[in-house]
Amino acid sequence: MKTIYILWLRQIKRYFRSKARIVGSIGQPLLFLVALGFGFGSMFSKAGEGNYLDFLSPGIIAMSILFTALFTGIEIIWDRQFGFLKETLVAPVSRLNIMIGRTLGGATVAFLQGLIVLAVTIPLGFRPNILMIPVSFVFMLLIAFFFTALGTAIASFLKDMQGFQLIMNFLIMPIFFLSGALFPVADLPEFLKAVLTINPLAYGVDGLRGALAGLSYFGIGVDLFVLGMITLIILAIGTYLFSKIQI
Amino acid sequence: MIKVEGLTKKFHNFTAVDNISFSVEDGDIFGFLGPNGAGKTTTIKMLTTLLNPTAGKIFLNNVDVVHNPNEARHNFGIVFQDPSLDDELTAFENMEFHGVLYDIPKKIRRQRIDQLLAIVELEDRRKDYVKNFSGGMKRRLEIARGLLHHPKILFLDEPTLGLDPQTRNHIWSYIQDLNKEEGITVFFTTHYMEEADRAAKEIAIIDHGKIITQGSPGQLKEKTGEASLEDAFIQLTGYNIRDQEVSAVDRMRQTRIMRGHR
């Protein structure tokens, strides 16, 4: 328990100490909110879809959690390069506990990031459903856990940062752009809908939007079930891959 | 305390460690010497569960390291050759992190952190971030951290590399005290032969992945008829600076590392 706590604490300390990272990671969501939110807002409402900012904000919150979570998961590569990973791997702590501590830490950081972005959306004009905020927290946490564990799993077989760009372009960007974070799912062509149904983030975005803006495509129950299940699966895969790391 | 049988590590067709066997008695200080690229670090990585051997058996305190790595990790501590500190944490936090991971009770932990930071002369820098430390300071902190939990076996991979004689002296006397008072078995590598001569009870020399000789420093000197361990070492591993050979091996190792086959 103490070991999980100290591993968690390390992630939190590192997060709060890197002010540049916090500020930097607000910049991108803010840009999306302003450029897309106001840029496409009138078109969106003219098409009869309602307030675009209400639609977009949950998607951008999900995006910021996605990026932060994946990044903290992938931090293992840095720890490997700077040697700190060895220090944890030779300690008399099971790999499972190390994985739990790290994932909890990474997910907490990503969740905090999501909260910050949520707070940013409100002065811009987003009016979330206050009563459903606790439900949105559940989805934010699930997205955070899922992508931290995914980052860990990826980092377990990436040896250096050279492969990172590849992952960014061929995994993360598609996951984000094809999640329904930016556009409604209902009127999409069938093949895109099919892609969405196998995209984990789509359920996160949908659940978050269902909770905060009352707009849901799959239904909140389905979102919760699917996201919960695949989070458990990816946690198991991440733990397995992490336990196989050799230096 | 340490028992190694037929230990082998191959990276594709390059054999880094070639069927070595040795044992270290309980309470010994054991020097594991060899030129660059001889296989020292690879051996230590296998002994400390970071790398799976291709073949062979390792027992630490009678625990099978290959089949039971979790239990084996309870028995040793290690100071790595290359840095393994968290730069974003302070000196104290790095120590504290280690102490908690090794389950040292808080009171003893704090006491030892103070004591060890004083030995490596970093007590006034305890609240500073490690990223602001010089190379030598990081090295000292690394050693202090490795000594924190008083394990049964302590692995030191070139612990004093790049340190001045004063600090080396301090650190070795602390290690020797630990060895005497707590009966900690010490397994170390070094390029400083006078250090090995002074500290080690038993020495094994490894070259090209094979152990070429083993014995006390006195025996090695006697065997080679040299007055110093340094001369004995050079006689045993070759007078020539094996530039070509060593760098070829190093290069090979380097590409392996770059390809990720560590």
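Counted by Cβ distance under 13 Å from A:PRO184, the other residues give a net charge of -2, where Lys and Arg count +1 and Asp and Glu count -1. Annotation: amide H-H contacts under 5 Å for B:ASN19 (H modelled 1.01 Å from N, sequence separation of 5 or more, or interchain): B:THR8, B:LYS9.
Computing Rg and the Kirkwood Rh from the Cα coordinates of segment B:2-259 gives a ratio, Rg/Rh, of 0.96.
Set the bar at 28 Å for Cα to Cα. Now go through B:LYS10/B:LYS223; A:LYS159/B:LYS138; B:LYS107/B:LYS127; B:LYS107/B:LYS180 and name every pair that lies beyond it. Kindly include the intermediate steps, with their values, before the conclusion.
On the way: B:LYS10/B:LYS223 31 Å; A:LYS159/B:LYS138 24 Å; B:LYS107/B:LYS127 19 Å; B:LYS107/B:LYS180 23 Å.
Table pairs above 28 Å Cα-Cα are B:LYS10/B:LYS223.
Using only C-alpha positions, report the orientation-averaged shadow area of the convex hull of chain A, nm², one decimal. Walk me through the numbers on the way to the answer.
Details: hull surface 53.3 nm².
Approximately 13.3 nm², given one-decimal rounding.
Over chain A, calculate the relative contact order: mean separation of alpha carbon pairs under 8 Å at least 6 apart, over the residue count, as a percent. Rounded, it is 27 percent for chain A.
For the segment A:78-90, counting C-beta atoms of other chains within 10 Å of every residue's C-beta and taking the mean gives 6. Gyration tensor analysis over the Cα atoms of segment B:116-241 returns equivalent ellipsoid semi-axes of 30, 16, 12 Å (largest first, whole Å).
Taking amide H as placed 1.01 Å from N in the peptide plane, the amide H of B:GLY77 sits under 5 Å from that of B:ILE153, B:LEU154, B:PHE155, each at least 5 places away or on another chain. Using only Cα atoms, tell me the angle between helix B:243-259 and the longest principal axis of chain B; keep it within 0 to 90° and round to the nearest 10. Between the helix axis and the principal axis of chain B, the angle is about 60 degrees.
Taking the longest Cα principal axis of chain A as reference, the axis of helix A:52-81 is set at about 10 degrees. Per-residue mean of foreign Cβ neighbours for B:41-54 is 2 (Cβ atoms of other chains, 10 Å radius). Is segment A:115-205 rounded, prolate or oblate when judged by the Cα gyration tensor, a ≥ b ≥ c being the square roots of its eigenvalues, rounded requiring a/c under 1.5 and prolate requiring a/b larger than b/c? It is oblate, given that a/c is not under 1.5 and a/b is not larger than b/c. At the listed q of 0.27 Å⁻¹, the Debye profile of segment B:40-106, built from one uniform point per Cα, gives log10 I(q)/I(0) equal to -1.18. In order along segment B:136-141, the phi-based Karplus estimate (6.51 cos²θ - 1.76 cosθ + 1.60, θ = phi - 60°) of 3J(HN,Hα) comes to x, 5, 4, 4, 5, 5 Hz; Gly and Pro are listed as x. Here the protein assembly as shown yields Rg over Rh of 1.07, to two decimals, using C-alpha coordinates and the Kirkwood radius.
Taking the Cα centre of segment B:63-155 as origin and assigning +1 to Lys and Arg Cβ atoms and -1 to Asp and Glu Cβ atoms, the resulting dipole is close to 300 debye. Taking Cβ atoms as reference points and 13 Å as the exclusive limit, the residues near A:LEU142 contribute a net charge of -2, counting Lys and Arg as +1 and Asp and Glu as -1. Here A:VAL195, B:VAL100, B:VAL4 are placed in order of increasing Cβ neighbour count within 10 Å, fewest first, which gives A:VAL195, B:VAL100, B:VAL4. Residues whose amide H lies under 5 Å from that of B:ILE2, counting only those 5 or more places away or on a different chain, are B:VAL24, B:ASN61; hydrogens are built 1.01 Å from N in the peptide plane.
If the Kirkwood radius is taken over C-alpha pairs of segment A:1-107, then at 10 °C and 1.306 mPa s the Stokes-Einstein diffusion coefficient equals 98 µm²/s. Electrostatic tally near A:GLY59: other residues with Cβ closer than 13 Å to its Cβ, Lys and Arg +1, Asp and Glu -1, net -1.
Readers should treat all values here as calculations from the given coordinates under stated rules, not as data from a laboratory. Bear in mind the structure is a predicted one, so any value in this text is a computation, not a measurement. Every residue, glycine among them, receives a Cβ derived from its backbone with ideal geometry; neighbour counts consider all protein chains shown.
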